[in-house]
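A.B. asks: Below you will find the structure I want to go over with you.
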Amino acid sequence: MPSRPADLVFTGGPVHTVDAARSRAGSVAVTDGRISAVGGDPRGSTGPRTEVVDLRGRLLLPGFQDAHVHAVGAGIELGRCDLTDVTTVAGCLDRVRFHAAAHPRLEWLTGSGWSMETFAGGLPDRRLLDSVVADRPVVLVNRDHHGAWLNSRALDRAGITATTPDPPDGRIERDAGGVPTGVLQEGAMDLVTRLLPASTEADELTGLLRAQRLLHSFGVTAWQDPLLGEYGGMPDPARAYAAATARGLLTARVTGALWWDRARGADQLADLLMRRESLRGKGVHARSVKIMQDGVAENRTAAMLHPYLCGDHSGLSFVDPVALRGHVTMLDAHGFQVHFHALGDRAVREALDAVEAARAANGWTDHRHHLAHLQVVHPADVPRFRRLGATATIQPLWAVHEPQMDELTIPFLGPERAAWQYPFGALLRSGATLAAGSDWPVSSPDPLQGIHVAVNRVPYGEDVPAFYPDQRIDLGAAIAAYTAGSAYVNHLDDTGTIRVGHHADLVVLDRDPFDGPVSEIGAAKAAMTFTGGRCVHEA
């Protein structure tokens, strides 16, 4: 029992603690920003100045945590030409035309969010953009941020012609005559993004605060930003986090992963150590290093053990797999967590091999390495996550039937490998630790939508077949991935569960999704969000 009355008490509804027993309580008290009591008679915690929140039967959970979200970049993009809700070619062109008219003084027109399935073969053409904007360069990154669509003026400004070679880590799409069509894949995007005007500190801070408001509205109280550094024309988010902290505006808890420059090798260790130290106390704990090992399946840059069915190409391993083992062993020895981008089954295996090498050399450390995305995982590698203590960081919203999956991925994987996609159930049954994230702006940052898909393998409200339904997980496991699991990889050990002494990072849902059919999980919304006992969102 607290020694003095609590500052805040929740009562009148169920409390799902997300402990190992999945226990429930009837009340929670908060004192000085931390949980001071769980369960019992709430009247014993109240005083004349105690704020009492009547749950009215609504569910109280630990705050959601996103283990992989580009908050600053996503917030900035919301203020640019946003194509995320456009599903037709005509709609994309109308949106670009409107954006150009609304910003006549911009030298470069930039935006993001177009979907590959909108265009034949997943590839738009520069001439489409030329038809609406011919006088200024246009650069539009696609939804997954692994490709960019350019008009002719942008190609000219970047000096990209039929004789321009593909970079080692990317591809320039070309027509039958070798002329660039206006799409740059992976590392080829750098040919143009390096020319884009740099964002200002004010732009970045505005983007972060815009993103923070949205994430809090979805019940998110903490996250891991997987790209501290400059890549693909995106600003280094560290500056925005530092500015928000200095102004007392950062209300979330943020862990960051320093970007591993794949054009360099072990020589960058000194820079990483210096950056980790320099960011202490500046709003983001840079205890992780992000290694992007491959691309994405839709453009056939995800690294596969066997070739795609459309040719003899098996994707790209951005870091030599033998060198990767040495790099990860070195980073582990210097106290870094490694946050892998690994989509294809070869990339997953290469990442696990690297973790295994680090374990063999350094013993069992507590750096909590994790692999994000995990689109295709060979069944032989599923039990290795548990054996190696590697966390599986899942993006549940991708595990659905949609045009991009059905038209651009499954036909080039074939039925056997397609069935190995997003094996949440197999990983959970094998004993792996699951964390969860959105990869926003690639997909929605709403955890409840992700939880719905993890449980149903169908998007909320859509009448489509379940996507390999044997890989479903139950509601309790899905919530745990978005709370305790992500808190684990974020090294936020005093969050993620509702327990005395933990930070009062909490979310009140507008209902108890355990009481309804699983098909209605996605209808739930965050009614209130608290960080350190402070209300940061109320619907």
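The values are calculated or read from the model by the stated rules, or taken from the named source; none is laboratory data. All of these numbers come straight from a predicted model, not from anything done at the bench. Please note: Cβ atoms are built from the backbone with ideal geometry, for glycine as well, and neighbour counts cover all protein chains shown.
A.B. asks: Return the total of residues in the stretch 209-236 being buried (at least 24 other Cβ atoms within 10 Å of the Cβ) and of a type in the set (D, E, K, R).
C.D. replies: So the count comes out to 1.
A.B. asks: What is the number of the single condition among (1) surrounded by fewer than 24 Cβ atoms within 10 Å (Cβ to Cβ); (2) closer than 25 Å to E51 by Cα; (3) in contact (Cβ under 8 Å) with a residue 24 or more places away in the chain that T433 does not meet?
C.D. replies: Every condition holds for T433 apart from (2).
A.B. asks: Checking S23 against (1) in contact with a Ser or Thr (Cβ under 9 Å, 6 or more places away or on another chain); (2) farther than 23 Å from I479 by Cβ, which test does it fail?
C.D. replies: With (1) in contact with a Ser or Thr (Cβ under 9 Å, 6 or more places away or on another chain); (2) farther than 23 Å from I479 by Cβ applied to S23, the lone miss is (2).
A.B. asks: Looking at (1) assigned by TED's automatic domain parsing to the domain that holds S444; (2) closer than 23 Å to V319 by Cα; (3) of a type in the set (A, V, I, L, M), can you tell me which one A188 breaks?
C.D. replies: (1)
A.B. asks: Give me a count of the residues in the stretch 237-251 that are crowded, with 18+ Cβ neighbours inside 10 Å and part of a loop (DSSP other than H, G, I, E, B).
C.D. replies: Summing the residues that are crowded, with 18+ Cβ neighbours inside 10 Å and part of a loop (DSSP other than H, G, I, E, B) in the stretch 237-251 gives 3.
A.B. asks: Condition first: surrounded by fewer than 18 Cβ atoms within 10 Å (Cβ to Cβ) and of a type in the set (D, E). Now tell me which residues in the stretch 131-159 satisfy that.
C.D. replies: Within the stretch 131-159, D135, D156 qualify.
A.B. asks: Further question on the same structure: Hey, does the stretch 395-406 have a residue that's farther than 23 Å from H306 by Cβ, surrounded by 20 or more Cβ atoms within 10 Å (Cβ to Cβ), of a type in the set (F, W, Y) and modelled with pLDDT of 95 or more?
C.D. replies: The answer is no, given that none of the residues of the stretch 395-406 is farther than 23 Å from H306 by Cβ, surrounded by 20 or more Cβ atoms within 10 Å (Cβ to Cβ), of a type in the set (F, W, Y) and modelled with pLDDT of 95 or more.
A.B. asks: So, one more: Looking at the stretch 192-208, which of its residues are surrounded by fewer than 20 Cβ atoms within 10 Å (Cβ to Cβ) and assigned to a helix (DSSP H, G or I)?
C.D. replies: T193, E201, A202, D203, T206
A.B. asks: Name the one entry in T329, T301 that is assigned to a loop (DSSP other than H, G, I, E, B), in contact (Cβ under 8 Å) with a residue 12 or more places away in the chain and either out of contact with any Asp or Glu (no Cβ under 9 Å at 6 or more places or on another chain) or polar (S, T, N, Q) (or both).
C.D. replies: Checking each option against the conditions leaves just T301.
A.B. asks: Hey, any hits in the stretch 472-490 for a residue that's part of a loop (DSSP other than H, G, I, E, B), in contact (Cβ under 8 Å) with a residue 60 or more places away in the chain and out of contact with any Ser or Thr (no Cβ under 6 Å at 6 or more places or on another chain)?
C.D. replies: The answer is no; no qualifying residue exists.
Every residue, every condition in (1) of a type in the set (D, E); (2) over 25 Å from S314 (Cβ atoms); (3) free of Cβ contacts under 8 Å to residues at least 60 places away in the same chain, yes or no:
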position	(1), (2), (3)
D125	yes, yes, yes
L128	no, yes, yes
D144	yes, no, no
R153	no, yes, yes
R174	no, no, yes
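A.B. asks: A further question on this structure: Out of V518, V455, I need the residue that is under 24 Å from H370 (Cα atoms) and in contact with a helix residue (DSSP H, G or I) (Cβ under 7 Å, 6 or more places away or on another chain). Which one?
C.D. replies: Among V518, V455, only V455 is under 24 Å from H370 (Cα atoms) and in contact with a helix residue (DSSP H, G or I) (Cβ under 7 Å, 6 or more places away or on another chain).
A.B. asks: Could you grab me the full set of residues in the stretch 511-526 that are crowded, with 17+ Cβ neighbours inside 10 Å and more than 19 Å from D474 (Cβ to Cβ)?
C.D. replies: Result: A526, single match.
A.B. asks: Filter the stretch 491-526 for residues that are hydroxyl-bearing (S, T, Y) and either part of a loop (DSSP other than H, G, I, E, B) or not assigned by TED's automatic domain parsing to the domain that holds T17 (or both) and give the result.
C.D. replies: If the condition is that a residue be hydroxyl-bearing (S, T, Y) and either part of a loop (DSSP other than H, G, I, E, B) or not assigned by TED's automatic domain parsing to the domain that holds T17 (or both), then T495, T497 are the ones that fit.
A.B. asks: Report the residue count in the stretch 6-40 for those that are touching a strand residue (DSSP E or B) at 6+ places or on another chain (Cβ under 8 Å) and part of a loop (DSSP other than H, G, I, E, B).
C.D. replies: The total comes to 8.
A.B. asks: Going through V69, V86, V133 one at a time, which residue ends up being of a type in the set (V, I, T), more than 26 Å from E402 (Cβ to Cβ) and not assigned by TED's automatic domain parsing to the domain that holds D406?
C.D. replies: V133
A.B. asks: Which count do you get for residues in the stretch 281-298 that are touching a strand residue (DSSP E or B) at 6+ places or on another chain (Cβ under 8 Å) and either surrounded by fewer than 24 Cβ atoms within 10 Å (Cβ to Cβ) or in a strand (DSSP E or B) (or both)?
C.D. replies: Qualifying residue count for the region: 9.
A.B. asks: Are there helices (runs of 4 or more DSSP H) fully within the stretch 57-175 with at least 3 residues that are of a type in the set (A, V, I, L, M, F, W, C)? List them.
C.D. replies: Qualifying helices (runs of 4 or more DSSP H): 71-77, 89-102, 152-158.
A.B. asks: Which residues, taken from the stretch 252-261, are buried (at least 21 other Cβ atoms within 10 Å of the Cβ) and either closer than 23 Å to G532 by Cα or more than 16 Å from the chain's Cα centre (by Cα) (or both)?
C.D. replies: The answer is A252, R253, V254, T255, G256, W260.
A.B. asks: Of all residues in the stretch 332-358, count the ones that are assigned to a helix (DSSP H, G or I) and either surrounded by fewer than 19 Cβ atoms within 10 Å (Cβ to Cβ) or free of Cβ contacts under 8 Å to residues at least 40 places away in the same chain (or both).
C.D. replies: Looking only at that region, the number is 10.
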